[in-house]
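> Before I ask anything, let me first share the structure, which is written out below as structure tokens.
The values are calculated or read from the model by the stated rules, or taken from the named source; none is laboratory data. The structure presented is a predicted model; accordingly, all values stated were derived computationally and were not measured. Cβ placement follows ideal geometry from the backbone for every residue including glycine, while neighbour counts extend to all protein chains displayed. The protein model used for the area step is the full one, side chains on, heavy atoms only, and it has no ligands, DNA or RNA in it. Shrake-Rupley method; radii C 1.70, N 1.55, O 1.52, S 1.80 Å.
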Amino acid sequence: MLERNHLHIIKEVNRLKSVTAAAESLNLSQSAVSHTIAKLERRFGVKLWHRKGNTLVYSQAGLYLLSLADKMVTEFEHAERVLQEFAQGRRGIMRIGMECHPCEQWLMGKIQQFLKAWPEVDVEIKSAFRFDGIAALKANEIDVLITPDPVNTEGLNFRSVFNYNLCIVVSEQNPLYNKEFVTAQDLEDQILYTVPVGYNRLDVYTRFLDPANVQPKRRVPIESTEMMLQLVSANRGVAALPEWLVSSHESRLGIKGIRIGNKGLQKSVNVGVRDDDLQLDYVKGFIESTRSNV
């Protein structure tokens, strides 16, 4: 069987033009090197080199293995460095899943800082918002979960990275536009645009409409936040979105975010990881990069 040590020997013999010098370089005896090569030659029924005076001349088989050694030994050495860096938390592939639908835009604003700080870490983003993020994180399908709804689960660690207020977005033509805050009853005759998740995961329902036993005229789930804002701008309905997301579009679209209830409806964005991954430097680096203002 061809092994890595065979390639090391062949490469060193070629570099130093001597079996003896190669053996010293590899911290082996000359007899050990000669025995290893002879065994390989017998195994495949080929000669790798022969002597011509004081010179070693490679056979066709020897030249093939030398070409292979030039590529593979370097790859092995690179792989060892990569594994060392993995162990030190300096590189890897970080798969990010998002349950916070509008947070994709927020994440894009933060990810550049992380990528510059960790150039040897690849990032993959899963933005299929209907997936079960907690289950995916526990099953090692993702490495980081961004969610407004952390769950106290053994083996997982969630850290809040910023707080925000959920608001009701209305157009300038909507009768609610001049209100300081909206009541649940204000939404009874409104079409409500929301992100496409279940009612039990929408705070505008669980913390605002349901306690008041009120339903909007109709609920319409929409994947794209930009489309949602365009529909609101056309006064087709209202939307429940983070205040920070709405504020950057108000003047452009003629819309406004209004506080939900007299006291407002506060939420937080959380980053969840597995407990075992908290020791990884680049995971800690990612969490730190998200802990700045929106």
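> Quick one: compute a quarter of the convex hull surface over the Cα atoms of region 101-237 and quote it in nm².
10.2 nm²
> With each label point set 7 Å from Cα along the Cα-Cβ vector, what nm distance links Ala234 and Thr74?
Here the answer is 5.8 nm between the modelled labels.
> Please report, in cubic angstrom per residue, the volume enclosed by the convex hull of the alpha-carbon atoms of region 1-157. Intermediate values should be presented prior to the final figure.
Values: hull volume 29.5 nm³, N = 157.
Roughly 188 Å³ of hull volume per residue.
> Quick one: which residues, 5 or more positions from Glu172 or on another chain, have an amide H under 5 Å from its amide H? H modelled 1.01 Å from N in the peptide plane, none for Pro or chain starts.
none
> Taking all protein chains in place and a 1.4 Å probe, what share, in percent, of the accessible surface of region 144-199 do carbon and sulfur account for?
Answer for region 144-199 is 43 percent, counting heavy atoms of protein chains only.
> Local charge sum around Ala61 (other residues, Cβ-Cβ under 11 Å, Lys/Arg +1, Asp/Glu -1)?
Residues close to Ala61 contribute a combined charge of 0.
> Three principal axis extents, largest first, for the C-alpha atoms of region 1-81, in Å?
39, 25, 19
> May I pose another question? Return the inverse of the average 1/r over all pairs of distinct C-alpha atoms in region 157-245, which is the Kirkwood hydrodynamic radius, in Å to one decimal.
13.6 Å
> Computed from the coordinates I sent, Kirkwood radius over Cα pairs in Å equals one of (1) 23.8; (2) 20.5; (3) 21.5. Tell me the label.
It is the value labelled (1).
> Return the calculated 222 nm mean residue ellipticity for the chain, to the nearest 500 deg cm²/dmol, obtained by summing -39500 (n - 2.57) across DSSP H runs with n ≥ 4 and dividing by the residue count.
That comes out to -11500 deg cm²/dmol.
> Can you pull the accessible area of Arg291 for me, 1.4 Å probe, Å² to the nearest 10?
Rounded to the nearest 10, that gives 100 Å².
> Which pairs, out of Lys110/Lys267; Lys39/Lys71; Lys126/Lys217; Lys110/Lys284; Lys116/Lys267; Lys11/Lys71, put more than 21 Å between their alpha-carbon atoms?
Numbers: Lys110/Lys267 19 Å; Lys39/Lys71 23 Å; Lys126/Lys217 33 Å; Lys110/Lys284 14 Å; Lys116/Lys267 29 Å; Lys11/Lys71 10 Å.
From Lys110/Lys267; Lys39/Lys71; Lys126/Lys217; Lys110/Lys284; Lys116/Lys267; Lys11/Lys71, over 21 Å: Lys39/Lys71; Lys126/Lys217; Lys116/Lys267.
> Take the alpha carbon atoms of region 216-294, find their radius of gyration, then divide it by 2.2 N^0.38 Å using N residues; give the quotient.
In units of the 2.2 N^0.38 Å rule of thumb, it is 1.48.
> Taking amide hydrogens as modeled 1.01 Å from N in the peptide plane, which residues meet the under 5 Å criterion relative to Thr194, leaving out close sequence neighbours?
Val220, Ile222
> Under a 5 Å amide H to amide H cut-off, with H placed in plane at 1.01 Å, what residues pair with Ser59 once short-range neighbours are removed?
Distant-sequence amide H within range of Ser59: Trp49, His50.
> Let me ask another. Compute the acute angle (0 to 90°) between the alpha-carbon long axis of helix 281-290 and the principal axis of greatest extent of the alpha-carbon atoms of the chain; round to the nearest 10°.
20 degrees
> If N is the number of residues in region 11-55, what value comes out of its Cα radius of gyration divided by 2.2 N^0.38 Å? Working shown, then result.
Numbers: Rg = 10.6 Å, N = 45, 2.2 N^0.38 = 9.3 Å.
Cα Rg divided by the expected 2.2 N^0.38 Å: 1.14.
> Among the chymotrypsin sites (Phe, Trp or Tyr not before Pro) in region 91-195, which ones are in a DSSP loop with at most 16 other Cβ atoms within 10 Å of the Cβ? Mind listing them?
For chymotrypsin sites (Phe, Trp or Tyr not before Pro) across region 91-195 that sit outside H, G, I, E and B with at most 16 neighbouring Cβ atoms in 10 Å, the list reads Phe131, Tyr177.
> Additional query: Spelling out what I want: for every residue of region 266-277, take phi, set θ = phi - 60°, compute 6.51 cos²θ - 1.76 cosθ + 1.60 (Karplus), and round to whole Hz; glycine and proline get x.
Taking θ as phi minus 60°, the curve returns 8, 10, 9, 9, 10, 10, x, 9, 6, 3, 5, 8 Hz for region 266-277.
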